[in-house]
Each structure stands twice: as structure tokens, then as C-alpha cells.
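Accompanying notes for the structure given below.
The values are calculated or read from the model by the stated rules, or taken from the named source; none is laboratory data. Values in this document were obtained by computation on a predicted structure and should not be read as measured data. Please note: Cβ atoms are built from the backbone with ideal geometry, for glycine as well, and neighbour counts cover all protein chains shown. These area figures cover heavy atoms from the full protein model, side chains too; ligands, DNA and RNA do not enter into them. Shrake-Rupley method; radii C 1.70, N 1.55, O 1.52, S 1.80 Å.
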Amino acid sequence: MADVKLAAETRTEFGKGAARRIRRDSKVPAVVYGHGAEPVHITLPGHELQLALRTPNVLLTLDIEGKTQLAIPKAVQRDAIKGFLEHVDLLLVTRGEKVNVEVYVHTEGELAPGAYLLEHVLSTLNVEAEATHIPESVTVSIAGLEAGDSILAKDIPLPEGTTLVTDEDAVVLQVLAAQAEEAPAEGESEATEA
């Protein structure tokens, strides 16, 4: 799990105009909340935050005016067209605290020979893990699976200290037989004349 240190500044200006000025300075407006404390409005360096958020479930060590706090991203708002960060909500965490997060499911191996398709019914699993040991993803083998085979949430190996929150009988992956396209019957034309 990645641990990224970011220097944060508290902010006193709010609203669209203030947010635009912050983003123009290559920074991102954010709010930090949790543990019953009052929300703290901060600005974070835009480029460093963008790089940090490439890692799923990144643990951020925030230096807010000399005080260090741990946080994980809870909600990230991006511009729909250009993709730049508009605002980030961060949840305060402490070492040893358990948090619920989503982790991506990756596959490895090849399906059995034949015309099979792998359907990802769920691309993520909800798990509970210690805030400082959140897995980036989980990996499951699909080697040799054939049509009709499926992998349930309980079949996916989780790292030590991580427990499954998703329903254990939920289908995560299933293998389907590829459907051949039917050719038109003899005598039928593809287009009808008027």
C-alpha cells in the first residue's frame, strides 16, 4: 500500500470563485473529516495529489500547518471533459483502525481452450482492512475455467488481515460460451423491397 506525504494549507475562502483561484494556482480544494472532529477545509498541491490518486486506496499523510494526520480519499470530483481534479473529500484514519474500502479484482491465467468469454460481474470487492494495510487489489486465477464455471466472492483469496464485506455468495466472475452469429436461411434476403 502506498503512503504519500502531502503538505496541506488550511483555507478560509469558500465558494466557486475561491475554488477557481485555488485551481488556477495548481492546487486542489479539499475537506478532511472524521472521528467526530469538525471538518477542516484545506488546499493540496494538484500535481502531487493527482499522482497519489493513481494508486487505489492510497494512504495520505497530511502535514496541516505542522500537525500530521492520516487520511484516505473518500470522494474525488474530476472535471468531466478535461479530467483535472476539482475537489477531494478525505476521511481521517488512525493506525490500527479498520476501514471499509473497495479493491479491484484482477485475473491471471487463461481460460480453457475454446470459444469462451469471461464476464466480470463485479469489478471490485468491498473489504474491511486496517487503514495502514489496505490492499491495492486482489488477484484470482481463471486458469482452465470453462463455460458455466463461476468464481464467487468467497473463492477469492484475500491478504492477511483483510475480511470480506461483499456477500460471500455473490458471483464475481463467470465464464460464458461464445454465441455464433446465425447466417440467414436460404431464400431469405437481408433487405426487403418495398
Eligible lysines near K154 by straight Cα distance, threshold 27 Å, same-chain separation 8 or greater: K74, K98
Accessible area expressed per residue, segment 72-168, with surrounding protein chains retained (probe 1.4 Å, Å²): 57
Long-range HN-HN contacts of L111 with modeled amide H, under 5 Å: G144
Amide H contacts under 5 Å for R11, placed H, 5+ residues apart: H41, I42, T43
Rounded percent of accessible protein surface that carbon and sulfur make up, segment 72-135, 1.4 Å probe: 49
Nonlocal amide H pairs with K27, under 5 Å, H built at 1.01 Å: G46
DSSP-defined beta bridges in the chain - what % are antiparallel, rounded to 5: 70
Alpha-carbon Debye profile of segment 44-119, log10 I(q)/I(0) at 0.19, 0.21 Å⁻¹: -0.90, -1.02
Loop-resident sites, segment 1-48, for GluC sites (Glu not before Pro), counting at most 16 other Cβ within 10 Å (DSSP): E13
Neighbour net charge for G83 - beta-carbon separation under 14 angstrom, K R +1, D E -1: +2
Estimated vicinal HN-Hα couplings, Hz - segment 157-172 in sequence order (Karplus 6.51, -1.76, 1.60; Gly, Pro = x): x, 10, x, 4, x, 10, 10, 7, 9, 4, 3, 5, 9, 6, 6, 9
3J(HN,Hα) from dihedral phi, segment 3-19, Karplus parametrisation 6.51/-1.76/1.60, rounded to Hz, x for glycine, proline: 10, 10, 9, 10, 8, 10, 10, 6, 10, 10, 8, 10, x, 4, x, 5, 5
Cα coordinate range in the chain, projected on the principal axes (Å, largest first): 78, 54, 25
